[in-house]
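Notes follow once the structure below has been shown.
The values are calculated or read from the model by the stated rules, or taken from the named source; none is laboratory data. Just so we're clear, the structure is a prediction, and the values are computed from it rather than from any experiment. Cβ coordinates were reconstructed from backbone atoms using ideal geometry, including for glycine residues, and neighbour counts include every protein chain displayed. Remember, those area values only see protein heavy atoms, side chains included, never the ligands or the DNA or RNA. Shrake-Rupley method; radii C 1.70, N 1.55, O 1.52, S 1.80 Å.
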Amino acid sequence: MDEQSPAIETDVLVIGAGPAGLFQAFQLGLLGLRVEVIDALPEAGGQCTALYADKPIYDIPGIPVCTGRELTERLLAQARPFIEGRLHLGWVIDTLGGTAEAGFSLSAVSALDAQTKGPSFQARSVVVATGAGAFLPRSLNLAGLIGLRQVHHHLSDGACATWAGQDLLLAGGGDEALMALEQLLALPTAQAPRRITLLHRRAQFQAEPGRIAQAEQWIAEGRVHLAVGLPTAVHSEEGRITALDIMGADSQTTTLTCPHLLIQLGLSPKLGPLADWGLALARKQVQVDPASFASSVAGVHAVGDAISYPGKQRLILCGFHEATLAAHAISRHLQADHPSHLLYTTTSPVLHRRLGVAQG
Ligand SMILES: Cc1cc2nc3c(=O)[nH]c(=O)nc-3n(C[C@H](O)[C@H](O)[C@H](O)COP(=O)(O)OP(=O)(O)OC[C@H]3O[C@@H](n4cnc5c(N)ncnc54)[C@H](O)[C@@H]3O)c2cc1C
């Protein structure tokens, strides 16, 4: 991203594209406010996609059962009229400045490399929907690794395109790494790596038994090569990774050629910059007024797992309620000249127009 790109102007910036942030964007859009959404992860959904994408959820009103991924897809589809082209993924908001009167200035950096500047925003209001914190991928603890090209932390389409037909080193021995292995081996030949080496510190994996059995079978069949040891140093040429030094159980170091490295060690939530934004916190949760979900900083609201108030439950449907009341409070403040009455999506032509649906 060009450091000089002008700030994106919007009515409201929603920080976090988990279930609370996505529904927040929908509610704000319904009320006629312009909204932008940003998240540290390369895909939306927060915990639902990062932690339990394929597991069932049974307590979403009106949906007897759906997986974390299905719920995210539904929330994205619902919010699409308001967030198309306005969802910024892979960026962490690291600074929040300004006031409700002057407007807020926010800037983002890459979730993988804090030196890489991301988009900046000028917003009249901000919603903190940061959940448990920014989910950042765990990396290998190696000096000089950050910022190297061909080092990947996410199995995205873009990354797949770069290693097609080449050798790939996959670091990790947990569910994330073995799931990535499944996806890599299922790729069509034109997109698949030529050779996959799984690098883990031990010959035993820590994952679901079925996944371990499958991975061991692929290793026995020679479809996947196993390298056991601890990475100790990285080699690079012109900013591109070329090899890793690996120390084995016998304390001998070998150098493993590594034109592409995919690190799958799971995600870890980082509270990060939230602590520096001047918001009143209680046990790392943003304290809010449960009537409006306003934080202690005028113009900044907070919803979802990031907040605390008497009776708060960390449930998705509580986040939906909080986002709805926050949206109405923000609208009352930003659109004080033309306060809107409560409108029903069933019958309101205004809401139908905003949603882009045919008027009944
Ligand atoms: C295993 C498991 C099962 C669960 N099952 C259920 C269930 O059955 N029913 C239920 O109701 N709830 C369930 N939950 C809880 C539910 O997932 C959470 O309540 C919900 O995800 C909270 O939504 P959220 O949008 O507030 O936060 P999150 O889902 O945590 O999303 C917050 C997002 O904000 C992003 N973010 C944070 N800081 C920044 C920053 N500075 N810049 C950019 N992005 C940032 C993060 O990357 C993240 O994507 C479950 C949780 C777990 C772990």
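Shape class of the stretch 1-151 from the Cα gyration tensor (axes a ≥ b ≥ c, square roots of the eigenvalues): oblate, since a/c reaches 1.5 or more and a/b does not exceed b/c. Using the empirical formula 2.2 N^0.38 Å as the baseline, the Cα radius of gyration of the chain reaches a ratio of 1.10. Estimated from the Cβ-Cβ distance and a Förster radius of 35 angstrom, the FRET efficiency linking Asp54 and Gln204 is about 0.90.
Write down the accessible area per residue of the stretch 1-126 in Å², having rolled a 1.4 Å probe over the full set of protein chains. Don't jump to the answer; show the numbers that get you there.
On the way: 5480 Å² over 126 residues.
Averaged over the residues of the stretch 1-126, the accessible area is 44 Å².
Take the stretch 200-297 with all the other protein chains still there, run a 1.4 Å probe, and you get 54 Å² of accessible area per residue.
Full extension of the chain between Leu265 and Arg195 gives 23.2 nm of extra length, using 0.36 nm per residue less the Cα-Cα distance.
Have a look at Ser268, Ser295, Leu230 and report the one farthest towards the positive end of the charge dipole of the stretch 230-298, computed about the Cα centre with Cβ charges (Lys/Arg +1, Asp/Glu -1). The residue sitting farthest along the positive end of the dipole is Ser295. Ordering Gln150, Ala111, Ala213 by Cα displacement along the dipole of the chain toward the positive end leaves Ala213 in first place; charges were set at the Cβ atoms of Lys, Arg (+1) and Asp, Glu (-1). Between Ala143 and Asp113, the modelled label-to-label distance comes to 1.9 nm, taking each label 7 Å out from Cα in the direction of the beta carbon.
Mean residue ellipticity at 222 nm from the helices of the chain, using -39,500 (n - 2.57) per DSSP H segment of n ≥ 4 over the full residue count, to the nearest 500 deg cm²/dmol? Helix contribution divided over all residues of the chain: -7500 deg cm²/dmol. Measuring r between the beta carbons of Asp167 and Asp250 and using R0 = 41 Å, the FRET efficiency lands at 0.95. Converting phi to 3J(HN,Hα) with the Karplus coefficients 6.51, -1.76 and 1.60 and the offset θ = phi - 60°, the stretch 110-121 yields 4, 5, 9, 8, 5, 7, 8, 6, x, x, 10, 9 Hz in sequence order, with x at every glycine or proline. Between the residues Ala132, Gly46, Gln27, the greatest Cα displacement towards the positive end of the dipole of the chain, with unit charges on the Cβ of Lys, Arg, Asp and Glu, is found for Gln27. Summarising the label geometry, the points placed 7 Å from Cα in the beta-carbon direction at Gln183 and Arg332 lie 4.3 nm from one another. On the basis of the beta-carbon distance and an R0 of 35 Å, Ser5 and Glu238 show a calculated FRET efficiency of 0.85.
Taking 0.36 nm per residue of sequence separation and removing the Cα-Cα distance, the Arg223/Ser296 pair yields an extension gain of 20.7 nm.
Compactness check for the stretch 213-311: Cα Rg over 2.2 N^0.38 Å is 1.87. A simple charge model with +1 on the Cβ of Lys and Arg, -1 on the Cβ of Asp and Glu and nothing else charged puts the dipole of the chain at about 440 debye relative to its Cα centre. Within the accessible surface of the chain, defined with a 1.4 Å probe on protein heavy atoms only, the carbon and sulfur portion equals 52 percent.
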